[in-house]
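Step one of this worksheet: look at the structure below.
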Amino acid sequence: MRGAVRALIALGSATAVWLGLLHLLFMADLDDFFGGDSGLRPGAASLAARHVKMWSEPTLKELELKKMRQSNAEWDFMGRTFLVLALANMSLRDPGSADKYVDVIDRIIDETIKIEAEHGVYYFLMPYARERPFMAKSGRSIFVDGEIALMLAARRIVRESDEYATLLEQRLDSMVHQMKDSPVMCSESYPDECWMFCNAVGMAALRMSDVLDGTDHSEFISDWLASIKRNLVDSDTGMLISSFSVDGQAFDGPEGSSIWMVAHCLDLVDPEFARDQYCRARQELGRSVLGFGYAREWPRSWQSPADVDSGPIIPVLEMSAGSSGMAVLGAASFEDREFLLGLMTSLKFAGFPVRRDGELKFCASNQVGDAVLLYAMVQGPVWASVKRRWNEAHVSSVGWVDKSVPVAAAGEL
């Protein structure tokens, strides 16, 4: 009996040591994916190569998008948005390849707008959107308008286009009009269902439009910020809720698959509030176990059923694939290297990365997931350009400047 006990103790001790060291076998090399003032890191370049190839080969693109639409039509649309954002940043990082990247951007934007024109707004929405009419008379979705506007604006930051300028103005005018009619200054993504993710995207596109066209929506953006801080903040965590009715009734509380992107977009209109939201999300949702980082979908104070955006939820740990993937963007945006290392180590362990013929794919992910990761790896130049241009235009008139970006920055980073 004593021998058996000693054996069990030895086995338990060895297992504990092995588990404690396991993450070292999968520890990510952040420099392979992130960093540098110009060009692409090798890992990011390999991931980008697969996406560029997909949009260059119709058969491959059709196959990948079909997979997305079988699960969620939103993923087809969001995959386009995040890839355009990534390609815009890649164009500024690597001007020598900008022509190739801009060509893909234009193909994505033109096809997306054509599909919407031919099939209507519901093409990119989940089926339940048809169950009742939108509250707004226009019947438009800020999910669609906001992300198309963001794509158009990102493209124009890289290279100006009169055609896209007109399209951007139309999208934003409609969006602002609807938001002004809302008691909480937020527009619908689905009928009587507003999402903070989509409204934050719209605000980022509006600030980008201001620096591109010389307009100034500062007062409107300030009123919007005051409204969401007053009406749409969870009292337990201080985090913004994720979904709510037109009049501000909460449907879903703080949600990981939403808040990381919300904080990223808020960084263009209120950097201090954006960092506050990131830090709160990091505290409430960010976790690390034995060197592996991950993110919960909800804080402990709010329980909701899993949905399609959450991805698989691992019991006990409450690890969310959707939140963890978006957390990579959050950690990269706010330079949280410790959390980023843990997240990427988990991705290397459980994402099943495969490199072949100069291309990288995470087999446990999908097209939209990989597009989010790619954007996280290359983000920075577009946001920095917008901040710099806004500072240059407004620091003398309003006395405000975002200290994170020098006014006289030489280049986009």
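Quick note: the coordinates plus some simple rules give every number you see, no bench work behind them. Note that the coordinates shown come from a computational prediction; the quantities given were computed from them, not determined experimentally. All Cβ positions, glycine included, derive from the backbone under ideal geometry; neighbour counts span all protein chains shown.
For the reader, a short list of remarks on this structure follows.
- The trypsin sites (Lys or Arg not before Pro) found in the stretch 210-305 that occupy coil by DSSP, while having at most 14 further C-beta atoms within 10 Å, are Arg300.
- Dimensions of the stretch 22-153 along the principal axes, based on C-alpha atoms and rounded to the nearest Å, stand at 51, 41, 30, largest first.
- Between the stretch 246-262 and the stretch 124-191, the alpha-carbon center distance in angstrom: 18 Å
- To the nearest ten degrees, helix 381-398 and the longest principal axis of the Cα atoms of the chain are 50 degrees apart.
- Extension gain for Gln70-Ile113 works out to 13.4 nm (0.36 nm per residue, less the C-alpha to C-alpha distance).
- Protection proxy ranking of 234-242, 109-117 - average other beta-carbon atoms within 10 Å, highest first: 234-242, 109-117
- Amide hydrogen proximity for Leu240: with H placed 1.01 Å from N in the peptide plane, the residues at 5 or more positions away or on another chain lying under 5 Å are Asp234.
- The C-alpha atoms of the stretch 180-321 occupy a region whose extents along the principal axes are 50, 31, 25 Å, arranged from largest to smallest.
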